[in-house]
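*Asks:* Sharing a structure with you now.
The values are calculated or read from the model by the stated rules, or taken from the named source; none is laboratory data. Everything quoted here is computed from the prediction, not taken from an experiment. All Cβ positions, even for glycine, are placed from backbone atoms using ideal geometry, and neighbour counts span all protein chains on display. Quick note on the areas: whole protein, heavy atoms, side chains included, nothing else; ligands and nucleic acids left out. Shrake-Rupley method; radii C 1.70, N 1.55, O 1.52, S 1.80 Å.
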Amino acid sequence: MSAEWDIQADVVVVGFGAAGACAALEAAAAGCSVLVLERFTGGGATALSGGIVYAGGGTPQQRAAGVSDSAEAMLGYLRTEVGDVVPARTLREFCDGSVAMLAWLESHGVPFEGSLCPDKTSYPTNRHYLYYSGSEVSARDAAPPAPRGHRTRGRGTSGGLLFARLAAAVRAAGVQIVPQTAVVRLITADGRVTGVECRSLHGVPWWAAAAHRVLHGVARKPYLYAPKLGRVMHRPVGWLERRHGRTLLVGADRGVVVAAGGFGANRPMLRAHAPSARGGLPLATPGDDGSGVRLGTGAGGAAALLDRVSVWRFLSPPSALLRGVLVDASGKRVCDESRYGAAIGDEIVRRGGRAWLLADRATVAAARSQLRGSTLWFQWLQAWNLLTFGRVSADTVPAVAVRAGVDPGGLAATVAAYNTVAYGKGADPAGKPADLLSPQDQPPYSLIDLSVRPRLMYPAPVLTLGGLVADPDTGQVLRPDGTAVPGLYAAGRSAVGLCSRSYVSGLSIADCVFSGRRAGRHAAAARESGGRKLPPSRSDESRCGCAASAGTRTAPCW
Ligand SMILES: Cc1cc2nc3c(=O)[nH]c(=O)nc-3n(C[C@H](O)[C@H](O)[C@H](O)COP(=O)(O)OP(=O)(O)OC[C@H]3O[C@@H](n4cnc5c(N)ncnc54)[C@H](O)[C@@H]3O)c2cc1C
């Protein structure tokens, strides 16, 4: 199909989150004209995230904290998480380039700090910005452990700051950002992706565009934390798009990079591909509607690992709970309690979604005393709720088992075996480090309910990990037969990436940076498809694309 483009650029990026921003930065650095199309105002899940970036191999922050690490050790650990979801050479490239990747982020204004968190936690407080964000200590036989969770230095959940800095860098690089424009279809000519069709609010009555922006902004957080309410609040946004959206055709001379996030907000897709996520709270924005995957498969691309979702169950903070014993309904031990929350969540889901933590009086008291000081507000709320309402107690282990609905004989045997190990008679068969093995023998005993089911104050977050299959060297989308779809690239959670088998904190954003940069670089280097285009990006025309349009209709300008 030959199209009369409304706007044209060398590289068109679909979605303005971490992956899209990184792709745009690389393509612009290569001298290309770059256009970013974003359904809302940008940021996506990235801006709501914790801003943790998984990096290691001796970063300046690790060195400042006195941590010794190497690319080899990082590779050794990540092999246990990543498996064969990407080729071994790709994982090595990621680890070897990790120090440089963090420096690249810093060069674009994203700040990090080497203040090491002393506790195992799901997210450090505002005093600490480097921590063990995975199961590194549990996997100590595979590789020397090191803290590699680099939290963007900013108060609260600092993904907002990470994205704000990347967005500023993208604008400074002269990239045109076209917000309130959803890509609905890829356009191909002779099998090559040459452009995209959008529904855009550009040029609609001002009040409709303003209402769309404001209503999306207001609904975005409820959508994440109280999805039912968020969906109702977000309905008018969809209505405005349907009622006022206009067709916009955008040509891409060198390539289209799909970086439109995951599919956590698409309930039919979740039900079809990841039924194990039922009962969890999708960590998704309205943009995570699976359109990235749909766009790619619509152009002949393959999708994979859509059944892989990460379900999180964190025991710490408070870290005292790591001394407890995690059991299933039969009373059997689930796993090493000090593993990362997504690994624990995986194990719980594998056992039908039901699990409890056995903790004695001393453990519960220590956990209560840690609530203040080691938690941010949302962690405090969850831990307080668990210790207050999510727990049953009794004077004996069999009696507490009966109260919770756990097999009493199974639980008694598990606790007896655990205490034997904890009293120093051997290594923990589940692999928990010795300093966390503390006998649970002081009544009353509590069973804290960690089951994965809908719970207002203790939801189980769910992150989709699968997506389009991308060439590990170029980021080009591959067809089911392994050949590339010319002109089409995918990155971030729209694609299969480093975290698609198993997530540890920071690995998704790190993968967005890695895969986004790769796609941007390779799209920029691709041969031109022969159309007219905007001149290369220039910072002096950074905010407004109107001045840059050459030969095609004027680009939208916000
Ligand atoms: C609360 C929370 C905390 C998290 N914490 C961390 C963390 O600390 N570290 C970590 O590694 N991961 C974390 N994650 C996961 C991580 O944030 C995401 O996996 C990652 O940011 C995804 O980035 P992305 O660029 O692929 O997608 P996004 O950041 O979601 O960006 C995609 C963009 O594409 C837009 N879009 C979608 N469809 C279209 C379309 N058809 N046309 C145009 N635009 C479109 C969306 O509006 C969105 O702005 C967290 C997630 C959440 C929700």
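*Asks:* Take the residues in region 494-520 that are polar (S, T, N, Q) and more than 7 Å from the ligand (Cβ to nearest atom), then tell me which one is farthest from Ala23 (Cα to Cα).
*Replies:* So in region 494-520, the residues polar (S, T, N, Q) come out as 494, 500, 502, 505, 508, 515.
Next cut, more than 7 Å from the ligand (Cβ to nearest atom) only: 500, 502, 515.
Numbers: Ser500: 19, Ser502: 24, Ser515: 8 Å.
Restricting to residues being polar (S, T, N, Q) and more than 7 Å from the ligand (Cβ to nearest atom), the top hit is Ser502.
*Asks:* Would it be correct to say that Gly83 is away from the ligand (no atom under 16 Å from the Cβ) and touching a residue at least 60 places away in the same chain (Cβ under 8 Å)?
*Replies:* Values: away from the ligand (no atom under 16 Å from the Cβ): yes; touching a residue at least 60 places away in the same chain (Cβ under 8 Å): yes.
When the stated conditions are applied, Gly83 passes them.
*Asks:* Here is a follow-up. Residues to consider are Asp441, Asp407; find the one that is of a type in the set (Asp, Glu), buried (at least 17 other Cβ atoms within 10 Å of the Cβ) and over 31 Å from the mean Cα position of the chain (by Cα).
*Replies:* On the way: Asp441 fails: buried (at least 17 other Cβ atoms within 10 Å of the Cβ).
Unique residue meeting the criteria: Asp407.
Residue by residue, here is whether (1) within 12 Å of Gly262 (Cα to Cα); (2) of a type in the set (S, T, N, Q) holds:
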{"residue": "Ser276", "(1), (2)": "no, yes"}
{"residue": "Gly280", "(1), (2)": "no, no"}
{"residue": "Val293", "(1), (2)": "yes, no"}
{"residue": "Val311", "(1), (2)": "no, no"}
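*Asks:* Residues being open to solvent by 20 Å² or more (accessible area, probe 1.4 Å) and touching a Lys or Arg at 6+ places or on another chain (Cβ under 7 Å): count how many of those fall in region 83-110.
*Replies:* The total comes to 4.
*Asks:* Same structure, new question: Residues in region 220-229: is at least one assigned to a loop (DSSP other than H, G, I, E, B), open to solvent by 10 Å² or more (accessible area, probe 1.4 Å) and within 15 Å of the ligand (Cβ to nearest atom)? Spell out the reasoning first.
*Replies:* Initially, region 220-229 is screened for residues assigned to a loop (DSSP other than H, G, I, E, B), giving 226.
Filter again for open to solvent by 10 Å² or more (accessible area, probe 1.4 Å), leaving 226.
Filter once more, so that each one left must be within 15 Å of the ligand (Cβ to nearest atom): 226.
Taking every residue of region 220-229 in turn, at least one turns out to be assigned to a loop (DSSP other than H, G, I, E, B), open to solvent by 10 Å² or more (accessible area, probe 1.4 Å) and within 15 Å of the ligand (Cβ to nearest atom).
*Asks:* So is Arg171 basic (Lys, Arg) and within 22 Å of Arg254 (Cα to Cα) or not?
*Replies:* Criteria met by Arg171.
*Asks:* Please determine, by comparing only the residues of region 95-134 that are touching a helix residue (DSSP H, G or I) at 6+ places or on another chain (Cβ under 6 Å) and small (Gly, Ala, Ser), which one is nearest to Phe514 (Cα to Cα).
*Replies:* My answer is Gly109.
*Asks:* Does Leu437 satisfy the condition of being more than 16 Å from Ser338 (Cα to Cα) and either away from the ligand (no atom under 16 Å from the Cβ) or not acidic (Asp, Glu) (or both)?
*Replies:* No; evaluated as a whole, the condition is false for this residue.
*Asks:* May I ask you to list the residues in region 33-54 that are crowded, with 24+ Cβ neighbours inside 10 Å, among the aliphatic types (A, V, I, L, M) and more than 6 Å from the ligand (Cβ to nearest atom)?
*Replies:* Once the filter is applied, which keeps residues that are crowded, with 24+ Cβ neighbours inside 10 Å, among the aliphatic types (A, V, I, L, M) and more than 6 Å from the ligand (Cβ to nearest atom), region 33-54 yields Val34, Leu35, Val36, Val53.
*Asks:* Quickly run through region 2-24 and pick out the residues that are aliphatic (A, V, I, L, M) and either on the phi > 0 side of the Ramachandran plot or more than 13 Å from the ligand (Cβ to nearest atom) (or both). Working first, answer last.
*Replies:* The first filter runs over region 2-24 and keeps only residues aliphatic (A, V, I, L, M), leaving 3, 7, 9, 11-14, 18-19, 21, 23-24.
Hits for region 2-24 are Ala3, Ile7, Ala9, Val11.
*Asks:* Now for a separate question. Just one of Val250, Val257, Val193 is within 16 Å of the ligand (Cβ to nearest atom), within 30 Å of Arg521 (Cα to Cα) and under 24 Å from the mean Cα position of the chain (by Cα); which is it?
*Replies:* Details: Val250 fails: under 24 Å from the mean Cα position of the chain (by Cα); Val193 fails: under 24 Å from the mean Cα position of the chain (by Cα).
Answer to the selection: Val257.
*Asks:* Residues to consider are Val214, Val237; find the one that is open to solvent by less than 20 Å² (accessible area, probe 1.4 Å) and in a helix (DSSP H, G or I). Even if it seems obvious, please write down each step before you answer.
*Replies:* Details: Val214 fails: open to solvent by less than 20 Å² (accessible area, probe 1.4 Å).
Going through Val214, Val237 in turn, the sole match is Val237.
*Asks:* Considering only residues that are under 23 Å from Ala189 (Cβ atoms), open to solvent by less than 20 Å² (accessible area, probe 1.4 Å) and near the ligand (Cβ under 7 Å from one of its atoms), which ones fall in region 284-302?
*Replies:* Matches in region 284-302: Gly292, Leu295.
Residue-by-condition table, conditions (1) among the hydroxyl-bearing types (Ser, Thr, Tyr); (2) modelled with pLDDT of 95 or more; (3) more than 25 Å from Ala417 (Cβ to Cβ); (4) under 25 Å from the mean Cα position of the chain (by Cα):
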| residue | (1), (2), (3), (4) |
| --- | --- |
| Pro317 | no, no, yes, yes |
| Ala342 | no, no, yes, yes |
| Gly345 | no, no, no, yes |
| Ala355 | no, yes, no, yes |
| Ala359 | no, yes, no, no |
| Ser369 | yes, no, yes, no |
| Trp377 | no, no, yes, yes |
| Leu381 | no, no, yes, yes |
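*Asks:* (1) part of a helix (DSSP H, G or I); (2) within 15 Å of the ligand (Cβ to nearest atom); (3) out of contact with any Gly (no Cβ under 8 Å at 6 or more places or on another chain): which one isn't true of Gly264, the others all being true?
*Replies:* Here Gly264 meets the rest and fails (1).
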